Amino acid sequence: MARKYAKSLGNSSIAVAYLRVSTEEQHLGPEAQRRQIEGWAQRQEVTIVAWHADHGISGAAGIDHRPGLAAALNELRARRAGWLVVAKRDRLARDVMLAGAIEKVVRSSGGRLASADGAPTGDEPAEVMQRQIGDVFAEYERAIIAARTKAALAVKKARGERVGTVPYGFHVAANGVQLEPDAGEQATIAAAWVLRNRGVTLRGIASMLDLDGHKSRKGTAFTHVQVCKMLGHEPAPKPREETPEAPRAFDAAGQRARTMVALRRRGAR
C-alpha cells in the first residue's frame with residue numbers, strides 16, 4: 001500500500017524561499033532566482049516570510065551539508081508556512097532520491113514544495129510523475145556538466161597547464177602553470193603566524209583576522225579550519241605524556257634477606 005503524505009497543516013498564504021548557487025554553473029544566480037520567486041509569490045498571492053540560501057553548494061549535497069536548506073526547513077516548521085518555494089526544482093537538488101527525500105521532509109512539516117517555473121505541486125499520479133521526470137533530467141544534466149568539466153581538465157593537463165586547487169597565499173602565473181606568491185594572502189598568512197606564535201587558538205586567530213579586515217577568497221570571515229590549512233595543516237598539539245619512572249636497579253642482597261625472613265615466618269607457623 002502506498003504511503004500517503006500527511007495532510008497539509010501550514011498556512012497556504014505564507015512561504016519560505018530557498019536559493020542555491022552551485023560551483024558547477026552560475027547562469028541562474030541568486031538575484032535571478034529571487035526575481036522568479038517574487039513573481040510566483042505575486043501571482044499566487046503568497047507572502048514570502050523568510051529567505052535562505054546556500055552558495056557554492058552542489059545539487060547532490062545532502063541536507064546536513066546545506067546550512068541554508070536546513071534553516072529553511074526549520075523556518076517552514078516554526079512559521080507553519082504552507083510552502084517551501086524554489087526558482088526551479090533543480091535548485092532543490094540534482095539527485096532524484098535526494099529531491100524526493102527533501103520533499104518528504106517538507107510534507108511532514110505540514111508544507112508543500114513549489115517551483116516558480118510552474119512545476120506541478122499536486123498529488124495526482126500524472127503530477128507526481130512529471131516532478132520525478134524533472135528530477136531525472138536534473139540529475140542527468142549534473143552528470144553531463146561533471147563529464148564536461150573532467151574532459152576540460154584533462155585537456156588542460158595534456159597541454160601542461162595547471163589543474164586543481166591553488167593553495168591559499170598563491171595565484172597562477174601568466175603561463176598558466178607556475179604559482180606565484182599573492183601579496184595580500186601572504187600578508188594574511190604572516191598575520192596568522194604572528195598570532196599563533198603568541199599562543200592564540202585557531203578559533204581566536206580566525207576572529208582576530210576578521211576584526212583586522214582579513215577575508216577569505218570568497219570575501220567571508222575565516223573559519224578555524226581555514227586557518228589550520230593556511231598554517232600548513234598544522235596538527236593539533238598532542239596530549240602531554242607523563243615520563244615513565246626509570247626502573248630501579250635490582251638489589252640482590254635485599255631480595256635475599258627478604259626471602260630468608262619469609263622462610264623463617266613460614267617455619268614458625
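So the label point goes 7 Å from the Cα of MET97 along Cα→C-beta, right? Which residues of the range 48-63 then have their backbone N under 17 Å from it?
What the label zone holds, given the 17 Å backbone N cut-off, is 59-63.
Over 31 Å between Cα atoms: which of LYS88/LYS156; LYS104/LYS156; LYS104/LYS218; LYS157/LYS229 fall into that group?
Listed pairs above 31 Å: LYS88/LYS156; LYS104/LYS156; LYS104/LYS218.
First measure r as the distance between the Cβ atoms of VAL136 and LYS218, then evaluate 1/(1 + (r/R0)^6) with R0 = 30 Å and state the FRET efficiency to the nearest 0.05.
The computed FRET efficiency comes out at 0.40.
Decide, for the range 160-238, between rounded, prolate and oblate: order the square roots of the alpha carbon gyration tensor eigenvalues as a ≥ b ≥ c, take rounded if a/c falls under 1.5, and otherwise choose prolate if a/b is larger than b/c, else oblate.
Cα axes put the range 160-238 in the prolate bin.
According to the square roots a ≥ b ≥ c of the eigenvalues of the Cα gyration tensor, what is the shape class of the range 20-101, taking rounded for a/c under 1.5, prolate for a/b larger than b/c otherwise, and oblate for the remainder?
Note, shape of the range 20-101 comes out oblate.
5 Å is the cut-off here: which amide hydrogens, built 1.01 Å from N in the peptide plane, fall below it relative to ARG20, excluding neighbours closer than 5 in sequence?
Those qualifying (amide H under 5 Å, at least 5 residues apart or on another chain) are ASP54.
What is the extension gain from ILE63 to GLU31, computed as 0.36 nm multiplied by their sequence separation minus the C-alpha to C-alpha distance, in nm to one decimal?
9.3 nm
Computed from the coordinates by the stated procedures, all read-outs in this text should not be read as laboratory data. Quick caveat, the model's predicted, so the values are computed rather than measured. Every residue, glycine among them, receives a Cβ derived from its backbone with ideal geometry; neighbour counts consider all protein chains shown.
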